[in-house]
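Here's the structure we're looking at; comments come further down.
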Amino acid sequence: MQSLTYLTLDRDVRQVRPADVDAFGAQISGGVIGMADPAYEEARKVWNGMVDRRPALIARCLNDADVQAALRFASAHRMLFSIRGGGHHIAGNAVAEGGLMIDLSGMKAVRVDTERRVAHVGPGALLADVDRETQAHGLAVPLGINSTTGVAGLTLGGGFGWLTRRHGMTVDNLLSATIVTADGQVRVASAKSEPELFWALRGGGGNFGVVTSFEFQLHPVGPEVYTGLVVYPFAQARQVLRAWRDFCDAAPDELTVWAVMRKAPPLPFLPESVHGKEVVILPMVWCGDLAAGEMAVAPVLKFGEPVGSHMGPTPYAGFQTAFDPLLAPGARNYWKTNNFTALSDAAIDVLVDNASRLPGPECEIFVAQMGGAMGRVKADATAFVGRDARYIMNVHGRWADAADDDKVRNWARGVFQQAAPHATASGYVNFLTEDEAGRVADSYGTNYARLQAAKRRYDPENMFRMNLNIAPAS
């Protein structure tokens, strides 16, 4: 057997003896696979189809000891490594080209403590796994909006969705995390134990170690919530978005309404004449009393003349999967993001003008309504700093043919650049792409220096660098 060729942290090419690889594999409960393994091609795939990297090895970890062994092996050989949870992040940092992928996707157990209203969640769990177990008890963690998203990456970057305005961000509901740090130690980070590490984990991404378990606070939600989709013709976009913005400014925390500009999918409540045409879609969730929800969302139907709507009580876990068909894995994806403290008429004009030039049928511009409980947390309470964002925009470039790469990416970058004068300097780190390393410091703002100090304490050699990297303080 030939020696294994790999890349180091410094991107040098080295080799490791087959006997050392075999010895390493014997320490990993789920086994280690290489490029010749039949399972390799599937194991290296992640959500974003643009990511086509080939790790030298994939270690399928199933417990803390496996993760410790993987980190020891990587450290001994100074091997570049990455951490794969759900594999959903746009930048594809779950896959280290020529390095070691520490694959946590098998660690997806979810355990609910109904008495304490706490959920214990493995790092490989997807939103669907958590929603299924918690909703069985009428409870929920504020998570994202796509059920195939990994909980680990979502949490470590902040985490927002339909419950954020009522119950805060995902990081605001994190009670503790078990983490293996660069020195191989298993630590429990919480407000009382390793508080500085706990602070850094709540928004600082995968910079500080491998989280092997999350403990979340749960809230009574559902099992039904009042939801809706109201669709307006694109000709009314400016009128509708201005009315939506004014409505959002006075909306109660229980209500969240987003705005999406895209070509209409073939929704059953829309006339066929609208399918494939540019529209404005206002998806919404009311997470309070159902009868009150019907009254609370009624004004959304009066922003213009809708071409269709679908409103009513819906299982919360079901609505969490509603957009999965539009976000299925395998497509090519490129995003750009801006945070806004307010949406001026000029900002709305920029978004509408660019949405009139969508470069493909799956591309969209969506704007998430924020504020509420999320905005009442102090900016320095967690590493996530964007508490002043009333709106977060995602320019979602999504397409199938590699020949369209430049067209879609240039469109997304253009929207971002034109919107920037109306936005803050920061951005939501979970939406940053691999070519935006320069935006990391801006996105953490006044918290960045403290994050660098935490990085120096817990990862002084910057071993954890396959991420939106925070360099250790010098």
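Would you pick out the residues in region 442-468 that are closer than 27 Å to SER75 by Cα and either part of a loop (DSSP other than H, G, I, E, B) or at pLDDT below 95 (or both)?
The first filter runs over region 442-468 and keeps only residues closer than 27 Å to SER75 by Cα, leaving 448-468.
Within region 442-468, ASP459, PRO460, GLU461, ASN462, MET463, PHE464, ARG465, MET466, ASN467, LEU468 qualify.
Name the residue that is surrounded by the most Cβ atoms within 10 Å (Cβ to Cβ), counting only residues in region 383-428 that are touching a helix residue (DSSP H, G or I) at 6+ places or on another chain (Cβ under 6 Å) and outside any loop (DSSP other than H, G, I, E, B). It would help to see each step written out before you state the result.
If we filter region 383-428 for residues that are touching a helix residue (DSSP H, G or I) at 6+ places or on another chain (Cβ under 6 Å), which is where we start, we get 383-385, 387, 394-395, 397, 399, 415, 418-419, 422, 425-427.
From the residues that got through so far, the ones that are outside any loop (DSSP other than H, G, I, E, B) too are 394-395, 397, 399, 415, 418-419, 422.
Details: ASN394: 21, VAL395: 25, GLY397: 31, TRP399: 22, VAL415: 23, GLN418: 16, ALA419: 21, HIS422: 20.
In this case the residue turns out to be GLY397.
Just name the residue that is farthest from CYS61 (Cα to Cα) out of those in region 172-212 that are surrounded by fewer than 20 Cβ atoms within 10 Å (Cβ to Cβ) and among the small types (Gly, Ala, Ser).
Among those that are surrounded by fewer than 20 Cβ atoms within 10 Å (Cβ to Cβ) and among the small types (Gly, Ala, Ser), it is ALA191.
State whether the residues of region 444-467 include one that is surrounded by 22 or more Cβ atoms within 10 Å (Cβ to Cβ), farther than 23 Å from PHE160 by Cβ and either aromatic (Phe, Trp, Tyr) or in contact with an Asp or Glu (Cβ under 8 Å, 6 or more places away or on another chain) (or both).
Yes, the conditions are met somewhere in region 444-467.
ILE58 versus (1) at pLDDT below 95; (2) in contact with an Asp or Glu (Cβ under 6 Å, 6 or more places away or on another chain): which is the lone unmet condition?
Only one criterion in (1) at pLDDT below 95; (2) in contact with an Asp or Glu (Cβ under 6 Å, 6 or more places away or on another chain) is unmet by ILE58, namely (1).
Answer yes if at least one residue in region 234-241 is assigned to a helix (DSSP H, G or I) and small (Gly, Ala, Ser), and no otherwise. Let's see the steps before the verdict.
Of region 234-241, the ones assigned to a helix (DSSP H, G or I) are 234-241.
Still in the list and also small (Gly, Ala, Ser): 235, 237.
Checked against the condition, which is being assigned to a helix (DSSP H, G or I) and small (Gly, Ala, Ser), region 234-241 yields at least one hit.
For region 287-305, enumerate the residues that are of a type in the set (A, V, I, L, M, F, W, C), over 26 Å from VAL141 (Cα atoms) and free of Cβ contacts under 8 Å to residues at least 60 places away in the same chain.
Of everything in region 287-305, just one residue is of a type in the set (A, V, I, L, M, F, W, C), over 26 Å from VAL141 (Cα atoms) and free of Cβ contacts under 8 Å to residues at least 60 places away in the same chain, namely ALA298.
In region 46-61, which residues are surrounded by fewer than 24 Cβ atoms within 10 Å (Cβ to Cβ) and either assigned by TED's automatic domain parsing to the domain that holds LEU126 or farther than 19 Å from GLY153 by Cβ (or both)?
Once the filter is applied, which keeps residues that are surrounded by fewer than 24 Cβ atoms within 10 Å (Cβ to Cβ) and either assigned by TED's automatic domain parsing to the domain that holds LEU126 or farther than 19 Å from GLY153 by Cβ (or both), region 46-61 yields ASP52, ARG54, ALA56.
Does ASP113 count as touching a residue at least 40 places away in the same chain (Cβ under 8 Å) and acidic (Asp, Glu)? Walk me through how you get there before you give the answer.
Values: touching a residue at least 40 places away in the same chain (Cβ under 8 Å): no; acidic (Asp, Glu): yes.
Spelling it out, it is not the case that ASP113 is touching a residue at least 40 places away in the same chain (Cβ under 8 Å) and acidic (Asp, Glu).
Find all pairs meeting these conditions: Cβ atoms under 6 angstrom apart; at least six residues apart or on different chains; first residue within region 423-438 and in contact (Cβ under 8 Å) with a residue 24 or more places away in the chain and more than 20 Å from ASN410 (Cα to Cα); second residue of a type in the set (Asp, Glu) and in a helix (DSSP H, G or I).
Note: pairs meeting the criteria are SER426/ASP442.
Any residue in region 174-185 that is at positive phi and assigned by TED's automatic domain parsing to the domain that holds VAL141 sitting within a Cβ distance under 6 Å of a residue that is of a type outside the set (Ser, Thr, Tyr) and modelled with pLDDT of 95 or more? List the pairs, counting only those 6 or more apart or interchain.
Note: pairs meeting the criteria are GLY184/GLN68; GLY184/LEU71.
Are there any strands (runs of 3 or more DSSP E) wholly within region 56-159 with 1 or more residues that are closer than 30 Å to GLN15 by Cα, and if so which? Before you say what the answer is, go through the steps one by one.
On the way: elements: 57-60, 81-84, 100-103, 110-113, 118-121.
Per the criteria, 57-60, 81-84, 100-103.
Looking at THR164 and the list (1) of a type in the set (Val, Ile, Thr); (2) more than 19 Å from the chain's Cα centre (by Cα); (3) closer than 30 Å to ALA346 by Cβ, which single condition is not satisfied?
It is condition (2) that THR164 fails.
The values are calculated or read from the model by the stated rules, or taken from the named source; none is laboratory data. Model, not experiment: these values are computed from the prediction. Note: ideal-geometry Cβ built from the backbone for every residue, glycine included; neighbour counts use all protein chains shown.
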